Structure formats: C-alpha cells, structure tokens
Amino acid sequence: MKRTPHREKEMKINKLHSWDITPKDAVEIQKQLAGRIVERLPHDFCPRLVAAADISCNRLSSRLFAAVVVLTLPDLEQIEVKTASVETGFPYVPGLLSFRELPVLEAAFEALENEPDFVIMDGHGRAHPRRLGLACHAGLILDCPVVGSAKSLLIGKYDEPGVERGSFSPVIHKGETIGEVVRTRANVKPVFVSTGNHIDLPAARRLILDCAPRFRIPAPVRAAHNAANDARRSFYSGCV
C-alpha cells in the first residue's frame with residue numbers, strides 16, 4: 001500500500017471526559033457537549049485526504065474492533081489503515097453508542113500517520129435526540145470536520161427524495177432540520193447525512209456524494225467496514 005504523508009503532525013485527540021461513566025452520566029455529557037458543535041467549515045477547507053471509521057464485533061461480545069482508513073481525494077485511493085481492539089465495559093444503549101465505540105476508535109485515530117482533512121463516521125451526527133450522535137462526539141474529540149453517514153433513520157421525518165443521484169430531502173425533528181436523506185445512486189435506497197462538527201449540511205452532502213461515485217455507501221465507509229471486519233476475523237482465527 002502506498003503511503004504519502006499529509007502533514008508533519010499527529011492527529012489531535014481532545015480528551016473531553018472520562019470513559020468510565022454510567023449511561024446516566026453519558027446523557028448529561030451529551031447535553032453539555034451539544035452546544036459546542038460548530039456547523040460551518042474552516043475558511044481554508046480544501047480537502048485532499050478523507051478518513052472513515054467503523055466498528056465490528058461479534059453478537060453479544062464486549063470486544064470491539066475499530067478500523068480507520070485514509071483515502072486520497074478525488075481519486076479515493078486507500079493509503080492507510082489503522083485498527084484497534086478493546087474490551088468495552090459500556091453497555092449497548094441506543095442513543096449512547098458513541099460512549100461504547102469512541103474509546104477504541106480513539107486508539108485507531110491516534111495511530112494515524114496521515115492526518116485527514118475530514119472524517120466520515122458510519123452513524124448520525126446532529127440527527128440525534130440530544131443532537132450529539134457519534135459524528136458530533138467524534139468531531140469534538142478530533143476537532144476537525146466530521147460528517148455522519150448512516151444507513152437508516154434514527155429520529156425525525158422526511159419525504160422520499162427523487163430517484164436521481166444527488167436528490168435529497170430534509171430530515172425534520174421537532175421543527176428543526178437535523179439532516180438530509182441523500183440519493184447517492186439512482187434508484188437505490190438513500191443514505192442519511194448529518195453534520196458532525198466544523199461543517200454545514202450542504203457541504204456534508206457534497207462530500208458524501210464526492211465519496212460515493214459508484215455505490216450507495218461512500219467508498220471510505222465501505223473500506224473502514226471491511227477493515228474492521230477483517231480485524232475481527234483475524235483476531236478470532238488466532239484464538240484457540
């Protein structure tokens with residue numbers, strides 16, 4: 001795999017809070033952090049590298065496997081993969097998945113040698129009951145533009161977008177636009193796009209479309225999904 005360093009500095013990781021918390025604590029942290037989200041792009045945003053992250057685990061297992069992949073833009077050539085694995089003590093609670101997944105994702109991001117210009121998370125951002133889904137939480141920790149790209153609706157209502165690639169419609173919750181339903185491939189089910197941090201919704205949509213030239217799921221997310229599954233299979237194939 002070719003490796004082309006982007007910047008001579010490590011990926012910045014903000015330690016916002018302890019991960020040794022209860023679900024009740026996690027809800028309060030979400031409420032506190034939601035107001036820190038910035039929904040606008042940096043003025044000098046000119047992306048050359050994109051990263052995506054995903055998690056894999058066996059059903060009912062507490063061991064999580066994370067993968068972060070980095071691809072070039074606009075050709076979407078994969079140049080780096082980092083994986084990590086941990087035993088999590090945080091339970092599976094809908095709406096609180098970032099507290100279960102981000103500790104192991106942090107480890108994978110910290111190992112990156114190529115700093116991405118933006119990140120796609122396989123999950124929701126502002127399209128969350130407390131406006132702090134996985135992409136928002138990751139965006140505050142990484143302090144860079146982050147987009148949420150999910151396969152299904154979490155909350156809100158929407159009208160089905162047109163069948164053409166690039167068609168979209170807003171996702172509305174309690175009178176607020178919290179994301180968009182975006183058709184990345186003609187006549188194929190759409191994806192659910194929402195802002196994470198340091199990005200606005202139109203830019204998030206454009207980036208997802210740029211990263212999904214052939215398939216419904218953006219290429220970086222597909223690559224991260226495959227890498228996380230490979231890490232999980234490799235781990236268990238070595239167990240006696």
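The values are calculated or read from the model by the stated rules, or taken from the named source; none is laboratory data. Quantities reported herein were computed from a predicted structural model and do not represent experimental measurements. As a convention, Cβ positions derive from the backbone with ideal geometry for all residues, glycine included, and neighbour counts pool all protein chains shown.
Things to note:
- Of all residues making up the range 165-210, the number that are free of Cβ contacts under 8 Å to residues at least 12 places away in the same chain and either aliphatic (A, V, I, L, M) or farther than 14 Å from residue 149 by Cβ (or both): 4
- Residue ranges of strands (runs of 3 or more DSSP E) in the range 138-219 with at least 1 members surrounded by 14 or more Cβ atoms within 10 Å (Cβ to Cβ), modelled with pLDDT of 95 or more and basic (Lys, Arg): none
- For the range 157-166, the set of residues classified as out of contact with any Leu (no Cβ under 9 Å at 6 or more places or on another chain) and either under 20 Å from residue 199 (Cα atoms) or among the hydrophobic types (A, V, I, L, M, F, W, C) (or both) consists of 163 only.
- Within the range 219-230, not a single residue is under 14 Å from the mean Cα position of the chain (by Cα), under 26 Å from residue 28 (Cβ atoms) and among the aliphatic types (A, V, I, L, M).
- Every residue from the range 85-111 that is in a strand (DSSP E or B) and touching a residue at least 40 places away in the same chain (Cβ under 8 Å): 85
- Hey, residue 70 outside any loop (DSSP other than H, G, I, E, B), more than 12 Å from the chain's Cα centre (by Cα), buried (at least 17 other Cβ atoms within 10 Å of the Cβ) and in contact (Cβ under 8 Å) with a residue 12 or more places away in the chain or not: yes
- Residue within the range 57-65 that is at pLDDT 95 or above and either buried (at least 16 other Cβ atoms within 10 Å of the Cβ) or acidic (Asp, Glu) (or both) present: yes
- Applying the condition of being part of a helix (DSSP H, G or I) and among the small types (Gly, Ala, Ser) to the range 17-35 and asking which residue is farthest from residue 125 (Cα to Cα) yields 26.
- The number of residues in the range 92-120 that are over 19 Å from residue 70 (Cα atoms), at pLDDT 95 or above and of a type in the set (Phe, Trp, Tyr) comes to 1.
- Residue match in the range 80-90 (condition: modelled with pLDDT of 95 or more, surrounded by fewer than 24 Cβ atoms within 10 Å (Cβ to Cβ) and in contact with a Ser or Thr (Cβ under 6 Å, 6 or more places away or on another chain)): no
- Some residue of the range 6-18 being in contact with a Phe, Trp or Tyr (Cβ under 7 Å, 6 or more places away or on another chain) and loosely packed, with under 14 Cβ neighbours inside 10 Å: yes
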